Structure formats: C-alpha cells, structure tokens
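First the structure, in the form of structure tokens, and then the observations on it.
The values are calculated or read from the model by the stated rules, or taken from the named source; none is laboratory data. What you see is a predicted model, and the numbers here were worked out from it, not measured in a lab. As a convention, Cβ positions derive from the backbone with ideal geometry for all residues, glycine included, and neighbour counts pool all protein chains shown. Side chains are part of the model used for accessible areas, which takes the heavy atoms of the whole protein and leaves out ligands, DNA and RNA. Shrake-Rupley method; radii C 1.70, N 1.55, O 1.52, S 1.80 Å.
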Amino acid sequence: MSIRTPESTAHVSYPPPKEFSASAHIKSLDEYRRLYDRSIKDPEGFWGEVATDCHFFKKWDRVVKWNLPDAQWFVGGQTNISYNCLDLQIERGRGDHTAILWEGEPCDDRGEPREIRRISYRELHREVCRFANGLTALGVRKGDRVTLYMPMVPELAIAMLACARIGAPHSVIFGGFSSQAILDRVQDAESHYIVTADGGWRRGSIVPLKANVDEACNMTDLVKKVVVLRRCENEVTMKDGRDVWWHDAVKGASDQCPAEPLDAEHMLFLLYTSGSTGKPKGILHTTAGYMVYTMYTAKLIFDLKPDDVYWCTADIGWITGHSYIVYGPLQNGVTTVMYEGAPNHPAWDRFWAMIARHKVTKFYTAPTAIRAFMKQGTEWPARHDLSSLKLLGTVGEPINPAAWEWYHHNIGHEKCPIVDTWWQTETGGALITPLPGATPTKPGSATLPFFGIDPAIVTKDGGEQKGAASGLLVIRKPWPGMLRGIYGDPERFRKQYWSEMPGVYFTGDGARRDEDGYYWITGRVDDVIKVAGHRLGTAEVESALVSNPKVAEAAVVGFPDDLTGEAIAAFVTLKGGVKPDESIKDELKKHVSSHLGAIARPKDIRFTDALPKTRSGKIMRRLLRELATKGRVEGDTTTLEDFTTIAKLRDDDA
Ligand code: PRX
C-alpha cells in the first residue's frame, strides 16, 4: 500500500456567490457547522428527522442498529423507493412536470438531435407500472435479481424503477462492457432475467448489446428470459421461448401496479465494481437508507429546487447514474436530463448545445470530460448560451486545479459554485463535498464532510492523525447510504472494508487534510486504477492478459495521464518461443478490450523476461509504477529477488 501526497499545497479559496447563498437550502458555513455537529452528536435524531421527508408505508422503530460491520437503517420500517420517486411526486402536485428529459445521440445534417423525449412524472409512473406488470407476467418475483444491460434511454430508468416497485433487485451492467463481463455478473448474482436492447447509439455507431447478451447466454443456462427493447431497428436474433420484445411484454399490461411495501433493509440493487482481486464484487445496497441518503444529498449538494433542469452526464451503469440521475433527482421532483451518446458527437459542443437547448441549471460531470473539453479550446462552449447554469459539479476522480479553473471560467462564467463530490460505489452517495451556498471552495479539494459523515486520516497502522495531515482515509460512523455487503461474500466484505483498520470503514483512498480541515483526495492506495474516472482492478486486467495463449505472466499498474487521470501500463512476460514485437502489443490491447471493454485497454505494454518479485513472490508494483511513471526506479529494492529484471525493464525502456 503506498500513500501519495499531493504535490502542491498552495491554494486559493472561492466563497459561494452571495446570490446563490441567499436562496440556498444551507446558506452559510455557520449553518453547515451547526447542523454537522448535531448530525455527529445525534445521528438518530438527525436522520430520523430527514427521513420524514420520505414516504414510509410503516414507520421505523429504530433509526440505526450498528453491529460492526453490519448496519441497519430505519429498522422495522417499510417503504418503496419507486413510490417515493413517482407516486409521492404526483401526490405533491408534480404529475405534469417533466421527470425525464432525454436526447438520443443521432443528429440531422444541421446538428440538431433527431429525438427528444419529455416524460412527465405521471407518464413515467404509467410506464413503470406497465413494465413492472410485464416483468411479473414473465415470472419475475420479489427478491429475483434482474440484470439490466441497456443503452442510456429512458427505458433503463423505467426498468430500474419497475424492479424497485416489485422488490426485484436490479443489477445494471455498463453498456461498454463485454459479454464476458455480463456472464461473470449474471453468474455471480444468479440472475435469471436480463433486460437489454437491440443496440444503442455511440459516436454514430450501434453498440450490439443484444449480440453481447446472446454470447453471454451461450455460456450459461441460468438465463430464463431476455426482454429486448427496440431502439436501433437493427437485426437481432430472438430465441424462441427465451427472448421477448419489450413492446410485447407490456402489450395489454395494466398501468396500475401498487408499489410493494418493502422492509427497510430489502435489497434494492447490486452494482458490480472492481476491487483488488480479479473478481468484480457485487456491491449491495438496500432500500430505506439508500433512499433517504440519495434524496437528501441530491437536494443539498445540488441545491435542488422545483424548476431545476438538472443534468448528470454519467452513465447509469455506474453508481453516479443510479444515485444522481435516477433516484436522487426523482425523489426531489425535478427534471433529470439523460443523454444517450458521446460528448463529441456530432461535434465537441454537444454538451454545451444541450445545456443551451434545455436551459440546464445544474450540471454534473467528470474531470476527464472537462480535460477533454479543455483540449478542444474555449471556442466550443463560447458558441452557446450557458447563462441558465447555476451550479457545476464533478465526480469520479481528483480534479486538477487547472481543469477546475477552466470549468469555473468557461462553463460557469465565474458565477456558479462548483461541487467536487468525493464518494464511491460503496458509499451510495457523496460523503465529502461542498454545500454550494455554504462552503468556500478550493480548486482540487472535495472540501468538508457531508452531514453524519465522520472521516479520519490514519497511518498504515491505524493511528489517527489529528489536524493537518496526510494518510489513509477512513470513515468512523455508519451512514444511511453505505453498502450492506458484497453479494454472496460476507467474508470479503469484512476483510476488504473493516479489517484493514479495525472498527472503521476503510475507503481504499489516500487523502490530505489541510489546516482548514479541508480534504484533498490523493487517489487509490490499493490495486484499483481509475481510468477516465472508471474503476478497474489491476488483477482483472492481468487475468485478461494471461488468458491470451502467448502470455506467461502479467502485471498491471496505473500511471498518470494528462487526459484520463490515470492510464494502464502492462508488464508482460511472453511464453517461451514467442518473439516480442509491436504486433503482439496490438493483439494484447485488443484482447483486453474484447474481454473487459474498451476502457480497460492498456495504453502501454512492455515486455520483460521476468517480473520483479519479493522473496515471498509478491509482484513489486511500486517499482513497476515508478518505471511506468518515471522510466526509472529509485529507493529501496533490497527485497528484490532479482535485480537484473529491473535492469532489463529499464533497458527496454531506454
Ligand atoms: O478514488 C476515489 C475516486 O473514485 C473512487 C470510487 O470509484 P467508484 O466506486 O467508481 O465511484 C465513482 C463515483 C462516485 C474513490 O475511491 N473518486 C471519486 N470521486 C472523487 C474521487 N477522487 C477524488 N475526488 C473526487 N471527487
């Protein structure tokens, strides 16, 4: 485990704009501090009060039960998040308000989108009920895990809300993943049902989602039914008895489907993410705690108001899309924008054109996207009227101050607060983040903990560091949105998050806290790499590499990249008799892409006769990281088995 410290400690501070604070939910740093103190001293009172904004069929008996590592929230209560996103909003008079505003990717010759859909809360309710009834008719029952492998179309949100309505946990798989990833996740979740589409549009091409599902289904008998949405009108093969068109599944289905009252701790969804082993883990979230936490964080962090047109550009295949495209915004009754395709299709101003077209008020994206836009120049955003924007946000990876400043000047025109939100698939919602009307921001810092979040900085041995310090980031108290487990693997859950530093949640991130108590996330300290904000395990990429018959052994590390934050370098030992050359590098890059998806493609592949290992056989990743980053190795190498390996790696590099 290595701890990286941020290079620069110099920083400027931007106070929240006065007009913004005046009408914000949380108006000042004092107000934040008062509420924060209360949330830490009396979490039960605090969260119990917050939860009264949600609808429960049956009120809880107890707000939290904490039996490390197992937390239960709103114990004894019964609720349904689909009810809270739909029925409750209609009861509050939001029925005719646009819930989802969607743009498809394809454009006409003038660059105008061919398809825009505006779906009101009432219409969304109707479609969710019809699909929920359709799923039930196909045999889906409460507790059944339903796999969703879909493009970014409203039907993905409809399918999630339909699953939640009947208590069938969903497992969304990012549309950029391959058939192998589908197979692994379907098998791990023991999922008998898949919902997919004939394809989705991405950068002018069709992503063959159904064909990938077919390939995965050929390798397992688990899947009983596949529902297929017609999106691209391309040819797909429908298997008799197994495959059903979405439009047939909902034909004649009633548009009434009362939401099932579910126990507070009923499993809401699984979302697979990478850890430090080759096997992705199914992060398990439950109903009431996740619901309350996403409702409240979305409301305060994006300062949501009834007329907001809020756009989070993430893919719903990631946690950001779950919490802050679907569940958080809909529980707040606002319009959530969804876009199907690539940020540079048909040109590099697609996002800015969309903001102007729909008068987007709150915009949330990833630092990698901002850096990509920066590279294209300010003329792209300058062509569009961005004056509707009131707030900007970032998520997924550290943002470098230069990108923050660019965003602030060229997109926010210096009037929008920026919320740099730090969180994880496991945390359900943002944990360290500015509150836009209260927190002065410092470019590059995620600032201060959200209500109820009790972070600490510790040393490798678990010793707490007070005041300004660097080290490992842990969270000491449970919070409602936290994961409840790794599906089917309680031991891994305990080991991964609760044993590294006994008694506290270990985030896997390094952080620095400055003299103002602000947190600066320095990145992962485990074997997880963040490429363009996407999370990948080194072991997953390594096992993809060694599944190629030419490869004997492989080690993968992350190294800094100007655009994607980190990129992947792979050190590969080929089998005897295989001659290393450029064509093998290309072959291996393609091999990894086809196994895991394009995001896992190594940027750099280096051949070596052997990998540097410690005497106990552990690959010395620190050395490889240094080689990949600096092209040379410094520091202590005395535990190396074979120094010549390092020398060879260096020579190859020269
Ligand atoms: O390293 C941190 C980084 O992303 C990791 C979590 O990845 P994932 O589960 O895919 O969730 C991403 C979206 C919530 C964290 O351990 N990370 C996330 N947000 C930030 C960040 N690093 C720095 N600053 C952030 N704002």
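Tabulated data
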{"read-out": "Pair list, Cβ < 8 Å and 6+ apart or interchain, from segment 509-528 residues that are polar (S, T, N, Q) to residues that are within 12 Å of the ligand (Cβ to nearest atom)", "value": "522/4; 522/6; 522/398; 522/509; 522/510; 522/511; 522/512"}
{"read-out": "Test result for residue 334, of a type in the set (Val, Ile, Thr), crowded, with 22+ Cβ neighbours inside 10 Å and within 16 Å of the ligand (Cβ to nearest atom)", "value": "no"}
{"read-out": "Residue pairs meeting the criteria (Cβ under 6 Å; at least 6 apart or on separate chains; first in the same structural domain as residue 283 (by TED's automatic domain parsing) and of a type in the set (Ser, Thr, Tyr), in segment 244-272; second in a strand (DSSP E or B) and buried (at least 18 other Cβ atoms within 10 Å of the Cβ))", "value": "272/282"}
{"read-out": "Some residue of segment 311-323 being modelled with pLDDT of 95 or more, more than 29 Å from residue 488 (Cβ to Cβ), among the polar types (S, T, N, Q) and under 17 Å from the mean Cα position of the chain (by Cα)", "value": "yes"}
{"read-out": "Qualifying position, being open to solvent by 20 Å² or more (accessible area, probe 1.4 Å), among the hydrophobic types (A, V, I, L, M, F, W, C) and within 16 Å of the ligand (Cβ to nearest atom), among 504, 474, 541", "value": "504"}
{"read-out": "Some residue of segment 103-123 being in a helix (DSSP H, G or I) and of a type outside the set (Ser, Thr, Tyr)", "value": "yes"}
{"read-out": "Which listed residue is more than 16 Å from the ligand (Cβ to nearest atom) and touching a residue at least 12 places away in the same chain (Cβ under 8 Å), from 368, 378, 394", "value": "378"}
{"read-out": "Filtered residues of segment 232-265 (kept if touching a Gly at 6+ places or on another chain (Cβ under 6 Å) and either polar (S, T, N, Q) or open to solvent by less than 50 Å² (accessible area, probe 1.4 Å) (or both))", "value": "232, 234, 249, 250, 253, 262, 264"}
{"read-out": "Flag if residue 558 is within 9 Å of the ligand (Cβ to nearest atom) and among the small types (Gly, Ala, Ser)", "value": "no"}
{"read-out": "Residues that are among the β-branched types (Val, Ile, Thr) and at pLDDT below 95, drawn from segment 274-306", "value": "277"}
{"read-out": "Residue 591 of a type outside the set (A, V, I, L, M, F, W, C), touching a residue at least 12 places away in the same chain (Cβ under 8 Å) and either open to solvent by less than 40 Å² (accessible area, probe 1.4 Å) or in a strand (DSSP E or B) (or both)", "value": "yes"}
{"read-out": "Segment 420-456 - residue that is more than 9 Å from the ligand (Cβ to nearest atom) and of a type in the set (A, V, I, L, M, F, W, C) and, of those, farthest from residue 480 (Cα to Cα)", "value": "438"}
{"read-out": "Enumeration of residues in segment 564-580 that are β-branched (Val, Ile, Thr) and out of contact with any Gly (no Cβ under 7 Å at 6 or more places or on another chain)", "value": "564, 572, 573, 578"}
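Quick grid of which residues meet (1) surrounded by 23 or more Cβ atoms within 10 Å (Cβ to Cβ); (2) of a type in the set (S, T, N, Q):
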position: 286; (1), (2): yes, yes
position: 292; (1), (2): yes, no
position: 296; (1), (2): yes, no
position: 299; (1), (2): no, no
position: 309; (1), (2): no, no
position: 318; (1), (2): no, no
